[in-house]
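So the structure is just underneath, and the comments pick up after that.
The values are calculated or read from the model by the stated rules, or taken from the named source; none is laboratory data. Computed from a predicted model, the values in this text were never measured in an experiment. Every residue, glycine among them, receives a Cβ derived from its backbone with ideal geometry; neighbour counts consider all protein chains shown. The protein model used for the area step is the full one, side chains on, heavy atoms only, and it has no ligands, DNA or RNA in it. Shrake-Rupley method; radii C 1.70, N 1.55, O 1.52, S 1.80 Å.
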Amino acid sequence: AVALWTAQAWAHGCDVVCYFRDRGAPMAQELLHSGLFRHDDSLDRGGAEVAGLELSGRPNSEAPAPVVLLHDYESLWLYDAQPHSADANYWDQMLLFYRVLRGLGVDVDVRHPDQDLAGYALIVAPALQVMDETRAAGLTDAARQALLVVGPRTGFRDSTGRVAPGGQPGPLAPLLGCALRNFDGMRPGLICRVGEHTVEIWAESYAPHGGTVVERYADGPLAGEPAVIRHGNATTIGAWSASLVRETLCGLLVEAGLPTRELPDGVRVSRRSDIAAWMNFNEEPTAISDGTTLEPVSFELRPG
């Protein structure tokens, strides 16, 4: 898999890939770690893959993506310190959105929410619990030229970790056009529904303040209350539901004019310059929609 991982790194924008280890360690806690070379200096499996890898002459230009996923460590620390639901955690909520985007063949940048977000067509903020006036102003400015979607518990806390003044979503309220009404941290096995979508782990509802209700809870304690709100370019999703997130993101990608392509599980595509790296992380051959088949644990470079 070393060649596959190397191609993935290049396709995501890396100019240099370094390997650890060069040789297997002869001592201490790493003596069972493999390297590119074995203890007798012969090529190990990873070394043989790297030796046969041909990426020279490929473009090392920037690889800008049309979609950006926002990640914030302070939100991570606070989220995971008080998840309030046995199965809730920051990374799973992030992946709830990221998996959908990559499974649709969309290239995604990952950036801090306080960086310049100009140039993106879709901004995805799955789990930004921490929100202050400066961050809210930056997101509001970015959303004038891009679509924005946020996930549950967005803007729940201020920069000190306290509940945002006036409650969630704090200073994002004018942008999102809603305010938190109720939330339920759901025990394992407990579900409710938004339309035909199954909701688990977390459910929150909103009071619209200028926003339009897109979806409502169909049953459970929040029945009839808004689960998804749209206000201008901003969409708020309050339900932990993979299918609801997928449906919402699919609609926003179409609205943004971004092409999508349904990929099989375990297959990803990334574009750099005019080349697309098609990657199969499965241990069996996998057919894709153009009729071709990717070999197990392999990649192909094709015109992008």
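Rounded to whole Å, give me the distance from the Cα center of segment 131-152 to that of segment 1-75. So the two Cα centres are separated by 35 Å. Taking trypsin sites (Lys or Arg not before Pro) across segment 74-159, the ones in a DSSP loop with at most 13 further Cβ atoms lying within 10 angstrom of their Cβ are Arg144. For the chain, the percent of C-alpha pairs falling in each 20 Å distance bin, counted from 0 to the bin holding the largest distance, reads 30, 50, 20, 1.
When the accessible area of the chain is computed with all protein chains present and a 1.4 Å probe, what percentage of it is carbon and sulfur? Taking all protein chains in place, the chain shows 53 percent carbon and sulfur surface.
Just want to confirm a number: the relative contact order over segment 189-250, from Cα pairs under 8 angstrom separated by 6+ residues, in percent.
In percent, rounded to a whole number, it is 33.
Computed from Cα atoms, the angle from the helix 133-142 axis to the main principal axis of the chain rounds to 70 degrees.
Using the Cα gyration tensor of segment 1-102, with a ≥ b ≥ c the square roots of its eigenvalues, what is the shape: rounded (a/c below 1.5), prolate (a/b larger than b/c) or oblate (neither)?
The shape class here is oblate.
Only DSSP H runs of four or more residues enter the estimate; each adds -39500 (n - 2.57), and after division by the residues of the chain the mean residue ellipticity at 222 nm equals -6500 deg cm²/dmol. Taken per residue, the accessible surface of segment 91-134 reaches 38 Å², heavy atoms only and a 1.4 Å probe.
Structural descriptor for the chain: relative contact order 16 percent, calculated from alpha carbon pairs under 8 angstrom and at least 6 residues apart. Comparing Asp40, Asp114, Asp132 in a Gaussian network model of the chain where C-alpha atoms under 10 Å apart are linked, the largest mean-square fluctuation is found at Asp40. Under a 10 Å cutoff between Cα atoms, tell me which one of Ser34, Ser159, Ser85 has the largest fluctuation in the Gaussian network model of the chain. Answer for the Gaussian network model of the chain: Ser34. Beta bridges per DSSP, both residues in segment 27-146: antiparallel share near 10 percent.
Specify whether the C-alpha gyration tensor of segment 139-268 places it in the rounded, prolate or oblate class, a ≥ b ≥ c being the square roots of the eigenvalues: rounded for a/c under 1.5, otherwise prolate if a/b is larger than b/c and oblate if not. Oblate, since a/c reaches 1.5 and b/c is not below a/b.
Please go through segment 16-85 and write out the GluC sites (Glu not before Pro) that DSSP classes as loop and that have at most 10 other C-beta atoms within 10 Å. Mind dumping the intermediate values first?
Numbers: sites: Glu30, Glu49, Glu54, Glu62, Glu74; in loops: Glu54, Glu62.
Within segment 16-85, the qualifying GluC sites (Glu not before Pro) (loop, at most 10 other Cβ atoms within 10 Å) are Glu54, Glu62.
Rounded if a/c is under 1.5, else prolate if a/b is larger than b/c, else oblate: which is segment 139-203, with a ≥ b ≥ c the root eigenvalues of its Cα gyration tensor? In terms of gyration-tensor shape, oblate.
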